[in-house]
Amino acid sequence: MTNVYDAIVLGLGGFGSSTLCHLAQRELNVLGIDQFGIAHDRGSSHGETRIIRKAYFEHPDYVPLLLRAYELWSELESQTGQSLYEECGLFLAGPPEGEVISGARESANKYDVPVDDVSLDEARERFPLFNFEESDAVVFEPEAGYLRVESCVSALVNQAVAAGASVVTDQPVVSWSADPGTVRVITDKETYQATRLVIAAGAWSGQVLNELSLPLTVLRKLLFWHGVSSPVWSEATAFFFERPQGCFYGFPSIVGQTVKLAEHTGGLTVEDPLALDRECYPFDSEPVSEFVRRTMKSVSPHAARHAVCMYTMTPDGHFIVDRHPKHENVILAAGFSGHGFKFTSVIGEVLADLACEGSTSLPIEFLRIDRPALSV
């Protein structure tokens with residue numbers, strides 16, 4: 001017997017869990033399907049923390065979405081009574097004409113995001129755990145911080161279930177199909193039917209949407225936790241450095257023993273996300289270790305532990321959030337390119353809008369599937 005719903009959400013990582021929550025809170029009979037479990041570590045929505053910021057150097061068009069994302073994260077905290085966001089502040093450091101500093105200033109100026117230009121002398125005084133280059137420009141955003149990523153995903157799913165959503169896990173999808181007014185999803189255990197489908201498959205998007213031949217590249221990315229020898233690391237801000245060797249970011253010490261950091265640039269191409277190599281090799285760790293030696297004080301250059309996640313990249317580094325070009329009742333979200341999790345709360349709202357209304361009042365035109373950058 002086929003199970004019938006108003007909507008099915010395929011994938012329950014960050015964006016799928018948020019979409020499930022928004023649809024359920026609109027009183028739809030909705031089902032969420034994941035091939036693993038909730039808040040698992042096999043995709044891209046794990047690793048304890050993710051930076052959230054408003055002075056968005058990637059493009060100013062993201063800022064209105066971020067302003068709404070902050071509101072929705074706050075609402076979720078109020079609904080659940082959980083602390084999901086920590087406002088610790090964030091400084092950016094790098095060449096003044098580089099992408100990071102110039103982009104952050106552009107977004108801040110356009111949308112009046114509170115940021116401070118910090119002189120080198122002041123930076124060395126305010127952020128004494130770091131070494132700065134004489135050529136660095138430094139920008140500080142006081143309202144930035146980090147999200148507790150697994151807690152966010154779990155909270156969204158729990159809120160969805162409390163609003164009536166159904167969830168099935170450990171069911172890989174074998175196929176899906178769509179006709180006007182009807183979609184069918186076949187897993188390795190069941191067949192499900194609904195009037196609309198939202199696909200948020202993360203690193204598996206290229207496989208699930210193979211008929212579209214989307215120009216997606218999946219990159220293998222490592223996260224590291226390095227031991228600290230100063231209690232001051234618990235009081236640090238988040239940080240992001242643009243260097244000739246690459247871009248590196250990190251967080252304050254959450255438990256006082258280690259600090260999490262990673263390289264944002266680089267990464268090896270992943271052909272099969274299920275076969276992702278989760279070992280750590282010298283070519284993975286050495287760029288981060290060298291960054292620690294040059295830049296961070298009271299931090300071991302050798303990682304105490306690591307985790308592996310994936311970036312799903314588009315050619316222009318921007319997301320794909322749109323209706324399926326062949327099926328009006330299928331909505332897709334893909335290519336979050338290593339900077340997407342902070343948008344989880346608002347992209348879930350956008351996807352729910354598209355599924356329910358066919359459009360959204362939120363500004364997502366620059367994320368359309370038919371933009372020139374994806375026509376490669």
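The values are calculated or read from the model by the stated rules, or taken from the named source; none is laboratory data. In this text the structure is predicted, and so the values were computed from the model without any measurement. As a convention, Cβ positions derive from the backbone with ideal geometry for all residues, glycine included, and neighbour counts pool all protein chains shown.
Do any strands (runs of 3 or more DSSP E) entirely within the stretch 1-55 hold 1 or more residues that are touching a residue at least 12 places away in the same chain (Cβ under 8 Å) and closer than 25 Å to Glu143 by Cβ, and if so, which?
Those strands (runs of 3 or more DSSP E) span 49-52.
Specify which of the listed residues (Leu261, Leu276) is of a type outside the set (Gly, Ala, Ser) and free of Cβ contacts under 8 Å to residues at least 40 places away in the same chain. Break it down into steps so the answer makes sense when it comes.
On the way: Leu276 fails: free of Cβ contacts under 8 Å to residues at least 40 places away in the same chain.
Unique residue meeting the criteria: Leu261.
Quick check: is even one residue across the stretch 263-284 of a type outside the set (Gly, Ala, Ser), crowded, with 20+ Cβ neighbours inside 10 Å and out of contact with any Lys or Arg (no Cβ under 9 Å at 6 or more places or on another chain)? Explain how you work it out, then say what you get.
Taking the stretch 263-284 and keeping what is of a type outside the set (Gly, Ala, Ser), we get 263-265, 268-274, 276-284.
Checking the rest, the ones that are also crowded, with 20+ Cβ neighbours inside 10 Å come to 263, 270, 273, 284.
After this cut, where a residue has to be out of contact with any Lys or Arg (no Cβ under 9 Å at 6 or more places or on another chain) as well, the list is none.
Checked against the condition, which is being of a type outside the set (Gly, Ala, Ser), crowded, with 20+ Cβ neighbours inside 10 Å and out of contact with any Lys or Arg (no Cβ under 9 Å at 6 or more places or on another chain), the stretch 263-284 yields no hits at all.
Please find, among Val100, Val118, the residue that is within 22 Å of Pro244 (Cα to Cα) and in contact with a Gly (Cβ under 6 Å, 6 or more places away or on another chain).
Val100
Identify, please: which residue in the stretch 330-376 is hydroxyl-bearing (Ser, Thr, Tyr) and buried (at least 19 other Cβ atoms within 10 Å of the Cβ) and is, among those, modelled with the lowest pLDDT? Show your work before the answer.
Restricting attention to the stretch 330-376, the residues satisfying the condition of being hydroxyl-bearing (Ser, Thr, Tyr) are 337, 344-345, 359-361, 375.
Now drop any that are not buried (at least 19 other Cβ atoms within 10 Å of the Cβ), which leaves 337, 344-345.
Details: Ser337: 83, Thr344: 98, Ser345: 98.
Applying the filter and picking the extreme gives Ser337.
Do you know which residues across the stretch 168-192 are under 19 Å from Val330 (Cα atoms), under 27 Å from the mean Cα position of the chain (by Cα), part of a strand (DSSP E or B) and touching a residue at least 24 places away in the same chain (Cβ under 8 Å)?
Result: Val173, Trp176, Val185, Thr187.
Could you grab me the full set of residues in the stretch 328-376 that are part of a helix (DSSP H, G or I) and more than 19 Å from the chain's Cα centre (by Cα)?
Scanning the stretch 328-376 gives Asp353, Leu354, Ala355, Cys356, Glu357, Glu365, Pro372, Ala373, Leu374.
Pull out all pairs, ordered by first then second residue, where Cβ-Cβ is under 6 Å, the residues are six or more apart or on different chains, the first lies in the stretch 238-254 and is in contact (Cβ under 8 Å) with a residue 60 or more places away in the chain and closer than 15 Å to Leu92 by Cβ, and the second is aliphatic (A, V, I, L, M) and not in a strand (DSSP E or B).
Here the result reads Glu242/Val100, each pair linking the stretch 238-254 to a residue that is aliphatic (A, V, I, L, M) and not in a strand (DSSP E or B).
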